[in-house]
Structure formats: structure tokens, C-alpha cells
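One structure below.
Where a number appears in this text, it was derived from the coordinates with a stated rule and is not lab data. As the structure is a computational prediction, the values presented were derived from the model and not from experiment. Don't worry about glycine lacking a Cβ; one is built from the backbone with ideal geometry, like all the others, and counts go over all protein chains shown.
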Amino acid sequence: MSKNQHISMPSIRRLPRYYRFLIELRKSGITRISSMELANRMGLTASQIRQDFNRFGDFGQQGYGYNVDNLIAQIGSILGVDQCSKCILIGAGNLGKALMNQLDFKTMGFELIAAFDISPQVIGQTINGYPVLDFADVGEFCVEHRPQMAILCVPRSAAESIASKLYFLDINCFWNFSHTDISLTHSNIVVENVHLNDSLMILSYKLHQQQENND
């Protein structure tokens, strides 16, 4: 889409939330919704929703609102969830296992094809249908299967070197849980750094603000 060339990151980060809410609406049998109705359900303003959608395309009709199926398809296409990119997971410890057991990767635009670890106790296991392979063999595996994305569930001390190794195996997209920001200096790198402790601290801030307001 030509309209999404200079979209702000806050608008982009709201798209998965829209997508999730719309999926739930469809499950409940709702086929059409206005920006005001969607705003009320999501705790946003109708003008914010219209502005976000208008940045990406003309999704609604005056006096009709939004067709839920069409909106899901359009936002899904923008997010790329209709295209299944191969990915691998590095680090099959507690967090890696949780991700493999809990996430439906294909609904989010990825196909997890294998996990890798260095621990003999983990290598050879199958977790929720995903094989755990020896990280020593990751190069040969990537040459054969050509994954595009890697999920990093590794110690922060190892994250940069592992990401660099994977980059030279033609992986340039990383979902990084290693508690450090990957700083590879390549223009074609795509990284989403996930800091669970940041989210918990924000929750702590909100809790204390609520307590102060109630005092």
C-alpha cells in the first residue's frame, strides 16, 4: 500500500490490537461495526481509529461503518499474517518452551520449523511438535531450509554474537527476548526487542499512580 510509507510507530503498534479485537467480534457474530462502537470496546476514541485506518487505506463507508471480515483481511494483509515466513527459535529453556507451547505462530504470519539449543539434556526433544536441534548444526539447517526470522531466548551475553552468526546465514529478522537490545549495524536488519521487565515496571507505575489518586 502506498499510503503506509510514513506511518508512525504508535499507529503500527495499534494494528495488532485492532486485529485481535476484530477477530473476537467475528467470533461473536458481529459482521459490521462503526468507529464509535469499536472505540467504546477498545477504550480509544473514534477519531483515533478513523485516523489510523485512513493512514493505511479507505476501509469504511459513510453511514455503514466497517465490514468486520474486510477489515480483518485488510489489517491482516498489512501485518503480513497472510504470508507465512519460516522462523527458528534459539534457546529451548523455560521461556523458549513456553513460547512453543503457547503461541500459534501461523496465525501471526510465521511458521516455526525448529528450535535450537546447546544443552544435551534438551537436544533431541520434541516440544509441541517442534524438534530441538543442536545449535552447532544451525548453519547447515539454515542453508537447507532458509528461515527468515529467529526468536532469541538466550542469555544477554550471547545475544549479539548469535544474532551476528544468524545474520550471515541470511536471517535478518529477530524477535529478541534476551534482555538486551540487539545493535547490529546493518540497514536490512529488522528487530523487535521484547523487555518483559519494562512491561512489569509500567504496571508498577500504574498501580502506584492509582494508589496515590485514591489516597
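Quick notes on this structure:
- By the helix-only formula, in which each DSSP H run with n ≥ 4 contributes -39500 (n - 2.57) and the sum is divided by residues, the chain has a 222 nm mean residue ellipticity of -14000 deg cm²/dmol.
- For the chain, built as a Gaussian network whose Cα springs stay under 10 Å, the top-fluctuating residue of GLN125, GLN48, GLN83: GLN48
- Residues with amide H under 5 Å from that of PHE174, placed H, sequence gap 5 or more: ALA150, VAL190, VAL191, GLU192
- Rel. contact order, % - alpha carbon contacts under 8 angstrom, at least six apart, the chain: 13
- Note that region 28-37 has calculated 3J(HN,Hα) couplings of 8, x, 7, 10, 9, 8, 8, 4, 5, 5 Hz, one per residue in order, obtained from phi through the Karplus relation 6.51 cos²θ - 1.76 cosθ + 1.60 (θ = phi - 60°); glycine and proline are x.
- Extreme residue, positive dipole direction of the chain, given options GLY96, ASN197, LEU25 (C-beta unit charges): LEU25
- Tensor-based shape of the chain (alpha-carbon gyration tensor, a/c under 1.5 rounded, otherwise prolate or oblate): prolate
- Computed over region 144-207: relative contact order in percent, which uses C-alpha pairs under 8 Å that are six or more apart: 31
- Longest segment of the chain lacking chymotrypsin sites (Phe, Trp or Tyr not before Pro) that sit in a DSSP loop with at most 13 other Cβ atoms within 10 Å: 65-167
- The 3J(HN,Hα) values that the Karplus relation (6.51, -1.76, 1.60; θ = phi - 60°) gives for region 78-84 are, in residue order, 4, 6, x, 6, 8, 10, 8 Hz. Gly and Pro appear as x.
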